[in-house]
Amino acid sequence: MEDYISVPLVGFPIIASLIIMATVSNLSEEMREKMANPIRWAILLFSLGLLGLTTAMFYNFFGDLNGFEGIAFNNYEFHKRYIWVESLGIYWSVGLDALSFPMVWLTTLLLPITIIATWDEKNGAFYHPLILLMGGALIGVFVALDLFMFYVFWELTLIPMFFLILKWGGEDRKYAAQKFFIYTFTASVVMLLGLVTLYFLQNPLEPLLYSGTMTGRTFDIPEIVNYATIHNSGGNWFLGASMQKIIFAMLMLGFLVKLPAVPFHTWLPDAHVQAPTGGSMLLAGVMLKMGAYGMFRLPIALFPHALEYFQLVLMAIGMVSLVWGSIVCLGQTNLKKMVAYSSVSHMGVICIGIATMQPMGWAAALFMMFAHGIISPHLFAVCGAFKHHYHSMEIGSMRGMAKHSPWLATSMMFAWMASLGLPLLAGFVAELMVLIALWHFLVAEGWSVLWMVGPALVLAVTAAYYLWSMQRTIFEGGDETQPPASMDGQPIPDIANHEKLAMFVLAMLTILFGVMPWIALDMMNDWSVQIFEGLIMPILGNFNGGV
Amino acid sequence: MSDPIINVELFDANFTTALCPELILVAGFFALMIIPNLGKATFRIPGTQIRVPYFLGGERYPIFANPRLPGWIATITLIVAFVSVLMSFDGGLQRYMIVSGSKELLLINGFSRLFELIFFGAIALAAIASMNRLQSFDSSDKSTNALYNNRRQADFYILLLTTAMGMAIVALAQDLFVLFLGLELASFSSYVLVAFHKESKEGTEGGMKYFIVGSVASGIGLYGLSMLYLWAGTLQLGELAVAFDAAMAPQGYPALPLIALGFILVGFGFKVSAAPFHFAAPDAYAGASSPVAGILATASKAMGIVGLTRMLLIVASPESNDDSAIWLVALGILSVVTMTWGNIAALGSDNPKRMLAYSSVAHAGYMLAGLTAIGAWNWDPELAGHGGDAAIMVMTAILFHLVVLVCFKLGAFLVLSILESEGEVSKMSNLRGLSKREPLLAVSMFIFMISLAGVPPMSGFMSKLLMVMGIVKVAIGNMGDAIFNGDILSIGDAHWVWWLALIMVLNSAISMFYYLRVIVTMYFHEPEGDRQGPLPSGWQVRTAIFACVIASVFFGINADGLIELCEMAANSLNYSWASQ
């Protein structure tokens, strides 16, 4: 079978963008300006090609992604493995399953949309290649099936994002970029130590197919997962109870900071507020999902016992993130900060979905990752357009926008509606499923169903802050003939055509996946059921009152 | 490695084969003294008109009067020596022991050869870079300044070669006295090299400080050696190792060798700039010209590690106690203090060279943590669990780290060296706007910084990963088996060196702050007032930087070959010990 992943989806974007940036950096200023246009066209066309490739994969033009290999637990479609560092058992190993594919598709979708939405970003000859580099690194995280490779791409995503924030960010960008880098780096080195400890706790006396010549252990994810599944069965704990909990906690720390969950979330608002529009779109759209993806890929697949043990802790973290994110939203006057905190609360929803330990909760978490990946870039595109045209981020600074910029006002309203979970839009499906899974969980645990009031109330709060901001920005007129103060008396433009196009596509997809969620949800449902049948049920038995 | 060690007497048949790189250095040394002095000197035979030319002195020939010539001679000598070491690896390395009677003097094996690669490579890069760094004038310029600067070229490069020679001797030495000789040869050359930076007052001051602290440390080390001799009656590594083994008694070691060991640790601790013996290092690095500082931070550090390895792992070897080495706790504390102190001090320093100096203190701490981990485990392959490779792995990591350190730490110093050519670089603000002035240099510096910080996919990450893996492997040992036999174990049951790995990764997160600051300064600040436009500098130093960049990236992405080389070297260290 040909390799559809390594070169087109990972290798080429990274290498091509590096070459473009190296070439451009040797050009004079005017040449850079001249080259910006051809470069962004080339990158746009290439990223559309990537989108075509992943879409073709989804419709089984080649491979059989929706078949057994893509759905069943620990089976991967398009799986390819090449030797990388033989002495340590490191392989360049890529593959897709129903867990990673939606994320890869989302990345390839957001690449062209981000490029279109920020078509006229300054210094375009560097900006657009950097976006492509970011995309390649993100896809690398999702397709990696080797712990080493996973970690390398995990860290590699930091570098382009760091530069996007620093070079194109707002006033306080230096602080924000460094905070972002150091927070996530610290968490991930702890994760690395956990991975290395896990690596050496393998028993090299057992036959491992892909072990290193020097160490006798392997970094290969499918093999480790297999190995763990065997040793988790029959009431045993893989690595023993105490050790399993420690490694689980170390890995989860890395993923929870990335997610981010309260109390590790403080880097996110800073990073978002300072990041340029394109950076925010990719950061919120895909990069945060790396945390949730990583949880499913490693700790959950390897340590179901520990997951059960920490279930309530995870639930508490999710609840606190959800509530805290929403309440802090209410107090924000900065548009982007408000959207960033709403991301925190949505990530809390994902956390709750995982903590319910129900197939439906997990499918909901997966769908939430996907839906939030479409809605939040829309939100940030709107925020970026607002900043671009009104030179301000303050919610109160601009009133009666519906009058001045009807397109932007419409887009903003639509994005907010989608984010607060309006029925028939994508976010609603995920939220509803999480609530149902939570209900199942409460009933199964024998807890009072009154616990449901919390999340439900929070969703009401979500509606409150969006509607309130809407009232303060879009509708309330004041003196509608007077442009806002931040414009310095200049006429107010509406959003440009390329921005309209990007927002329109995102809005259409939000509706599409709201009305017909099964397009993506089927795959996720199947995968969740499969992982329960293949992993959780055999190991943990009939817990939580069953499915 | 199955070939036996061939014993070679001085000037035996195999002598030149065995010591080829060193002999090349000696040849270069003489060439450097003679060639720049070749001239039209003649000698008139008394009483006749016949003038016999003898070529040394007089009016010099134009080619030999070229002030750049010494630089080229030194560079070519070092590169040829480097290549000859590299070629000796070809088709399996033949091991030699240079002996004098029953005394073993120098051992040529994978371990010592790898270190020679590090030394010659680092010093060759520094020599290439110094050609642009060290001012020279056209030989027709007769001003005092020009004459003075042209004259001192040869001195500088002779000192570089003697440094290389001393380091090579340290790497090969099998007798502590020979080792000490090499150490002093290298040290004294480097004291002068530090003070050679006469453009700044800090140069002289730094050289003086480095000399005073260094000679005190050497003195203490020498004192330790004399005590060791008093106790064992020999300074041969092999015999000392046997003596240490024999001295192992249920009630513990006698006091004398332990005190000696402590003193020697101080001597080598200074060389690797381990806290608290590092105080002279930041001053010396900041005072020296950047290529020299680069040598101090890479090759000189590697030399200290050789000394520590010989002393701690060969002589006071871990297996001589029941399970762990006698110096384990002391070295563990030293490593934690060193890495933490280095990182915290680097956070607060505004001088890029001092910052790099403190970061090299932190790196010394990581390597000491590695050595500690080896001490926690039986160094004997038969006792060391699956294949006896836990300790080998850590040693591999240390060697790998030392090799790639030459790429990115020396590279960073070379970038500063270019900046120095337009004036002092004593503030972080001197780096401002480098990305606008010199995009390629800024990219190089960026790669060096993220390599130093250990961000994938750079070689710095690979070395840090190997080190963490090695330490964790030592700490966990055979716990994997125990767990699968049904025992309930937790991290607390792992050896305490596991916590060294945790402290190490947290430290590398702290170090992120100051490396990022360099990047931010380069990319996101406007250039300072009078520091505008591209930098003046020749192609030599840029070539050296380019080589460093390529190596930094290459060994990160395709590390397999280098890992195997380091593993072979680590193994040869073990075998040579086992054969004694």
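Considering every residue in B:444-452, what mean count of other chain Cβ atoms within 10 Å of its Cβ is obtained?
Mean number of neighbouring Cβ atoms from other chains: 1.
Using the Cα atoms of chain B, I'd like the radius of gyration and the largest Cα-Cα distance, Dmax, both in angstrom.
Values for chain B (Cα only, Rg and Dmax): 24.4, 101 Å.
Mind listing the phi-derived Karplus ³J(HN,Hα) values for the stretch B:270-275, rounded to whole Hz, using 6.51, -1.76 and 1.60 with θ = phi - 60°, and x for any glycine or proline?
5, 5, 7, 6, 8, 5
Lys and Arg at +1, Asp and Glu at -1: add these up for the other residues within a Cβ distance under 15 Å of residue A:296 and post the number.
+1
Computed over the Cα atoms of the stretch A:396-438, what is the convex hull's projected area averaged over all directions, in nm²?
Averaged projected hull area, Cα only: 3.9 nm².
Between the helical axis of A:221-232 and the dominant principal axis of chain A, each derived from Cα atoms, what acute angle in degrees is found, rounded to the nearest 10?
Taking Cα atoms only, the helix is inclined about 50 degrees.
Quick check on chain A: what does the Kirkwood estimate of hydrodynamic radius come out to from the alpha carbon pairs, in Å?
23.7
Based on the inverse mean of 1/r over its pairs of different Cα atoms, what is the Kirkwood hydrodynamic radius of the stretch A:275-333, in Å?
13.7 Å is the Kirkwood radius here.
Per-residue Cβ counts within 10 Å, from other chains only, averaged over B:519-527: what number is that?
Per-residue shielding by partner chains comes out at 3.
Once both labels are modelled 7 Å past Cα along the beta-carbon direction, what's the residue A:394-residue A:504 spacing in nm?
My value for the distance between the label points is 3.5 nm.
Divide, for the stretch B:59-103, the radius of gyration over alpha carbons by 2.2 N^0.38 Å, where N is the residue count.
Here the answer is 1.91, to two decimals.
Computed over the Cα atoms of the stretch A:92-242, what is the ratio Rg over Rh, Rh following Kirkwood?
1.07
How crowded by other chains is B:459-472, given as the mean number of beta carbons from other chains within 10 Å of each beta carbon?
4
So who's got an amide H within less than 5 Å of the one on residue A:425, skipping anything under 5 residues away but keeping other chains? H placed 1.01 Å off N, in plane.
The list, which skips near neighbours in sequence, is empty: none.
Using packing as a proxy for protection, rank A:175-187, B:135-147, A:36-48 so that the peptide with the highest average count of other Cβ atoms within 10 Å comes first.
A:175-187, A:36-48, B:135-147
Can you work out the FRET efficiency for the pair residue B:330 and residue B:230, with r the C-beta to C-beta distance and R0 = 25 Å, to the nearest 0.05?
That pair, residue B:330 with residue B:230, gives E of 0.70.
Enumerate the amide H contacts of residue A:90 below 5 Å, restricted to partners 5 or more residues apart or on another chain; note that Pro and chain-start residues carry no placed amide H.
Amide H neighbours of residue A:90, under 5 Å, 5+ apart: A:84, A:85.
Which of the peptides B:526-533, A:456-463 is most tightly packed, and how do the rest follow, going by the mean number of other Cβ atoms within 10 Å of each residue?
Output ranking for B:526-533, A:456-463: A:456-463, B:526-533.
Once Rh is set to the Kirkwood radius over Cα pairs, what Stokes-Einstein translational diffusion coefficient, in µm²/s, holds for the stretch B:317-580 at a temperature of 20 °C and a viscosity of 1.002 mPa s?
109
Can you put A:388, A:231 in order of Cβ neighbours within 10 angstrom, beginning with the fewest?
A:388, A:231
Please list the radius of gyration and Dmax for the stretch A:1-296, considering alpha-carbon atoms only, with Å as the unit.
Both quantities, over Cα of the stretch A:1-296: 19.9, 69 Å.
To test your reading of the geometry: what angle, between 0 and 90 degrees and rounded to tens, separates the Cα axis of helix B:20-34 from the longest principal axis of chain B?
Once rounded, the angle reads 30 degrees.
Where a Cα-Cα gap under 20 Å defines reach, which aspartates and glutamates qualify for residue B:353, not counting those fewer than 8 residues away within the same chain?
Straight-distance partners of residue B:353: B:199, B:202, B:205, B:283, B:420, B:422, B:424, B:438, B:528.
Based on Cα positions only, what radius of gyration and what Dmax would you give for the protein assembly as shown, in angstroms?
Looking at the protein assembly as shown, its Cα Rg and Dmax stand at 32.3, 123 Å.
Would you mind checking B:198/B:427; A:174/A:336; A:174/B:271 for any pair whose Cα atoms are more than 25 angstrom apart?
With Cα atoms farther than 25 Å apart: A:174/B:271.
Out of the stretch A:74-173, which GluC sites (Glu not before Pro) are coil in DSSP terms and have no more than 16 other C-beta atoms within 10 Å?
A:171
Give me B:201, B:103, A:167 sorted ascending by neighbouring Cβ count inside 10 Å, so fewest comes first.
Ranking B:201, B:103, A:167 by Cβ neighbours within 10 Å, fewest first, gives B:201, B:103, A:167.
With runs of 4+ DSSP H residues as the only contributors, calculate the mean residue ellipticity of chain A at 222 nm using -39,500 (n - 2.57) per run, divided by the residue total and rounded to the nearest 500.
Calculated mean residue ellipticity at 222 nm is -21500 deg cm²/dmol.
For the stretch B:1-48, state which chymotrypsin sites (Phe, Trp or Tyr not before Pro) are in a DSSP loop and have at most 15 other beta carbons lying within 10 Å of their beta carbon.
Answer by residue number: B:11.
Starting from 0.36 nm per residue, how many nanometres of slack lie between residue B:198 and residue B:429 once their C-alpha separation is accounted for?
80.9 nm
Amide H of residue B:8: which non-local residues (sequence gap of 5 or more, or other chain) have their own amide H closer than 5 Å, using H built in the peptide plane?
For residue B:8, whose amide H was placed from the backbone, the distant partners under 5 Å are B:97, B:98, B:99.
Taking the Cα atoms only, what angle lies between the long axis of helix B:352-375 and the longest principal axis of chain B, rounded to 10 degrees?
Taking Cα atoms only, the helix is inclined about 30 degrees.
When the scattering of the stretch A:214-339 is computed by the Debye formula from its Cα atoms alone, each counted once and equally, what is log10 I(q)/I(0) at q = 0.13, 0.19 Å⁻¹?
At q = 0.13, 0.19 Å⁻¹ the computed log10 ratios are -0.64, -1.05.
If we count other beta carbons within 10 Å of each Cβ, what is the order of A:208, B:107, fewest first?
By the 10 Å Cβ count, ascending, the order reads A:208, B:107.
Using only alpha carbons, build the gyration tensor for the stretch B:385-469 and give me the equivalent ellipsoid semi-axes, biggest first, whole Å.
Those come to 34, 12, 8 Å.
We did not get these values from a lab; they are worked out from the coordinates using the rules stated. Because the structure is a prediction, the values reported are computed rather than measured. Here the Cβ is made from the backbone with ideal geometry for all residues, glycine too, and neighbour counts use every protein chain on show.
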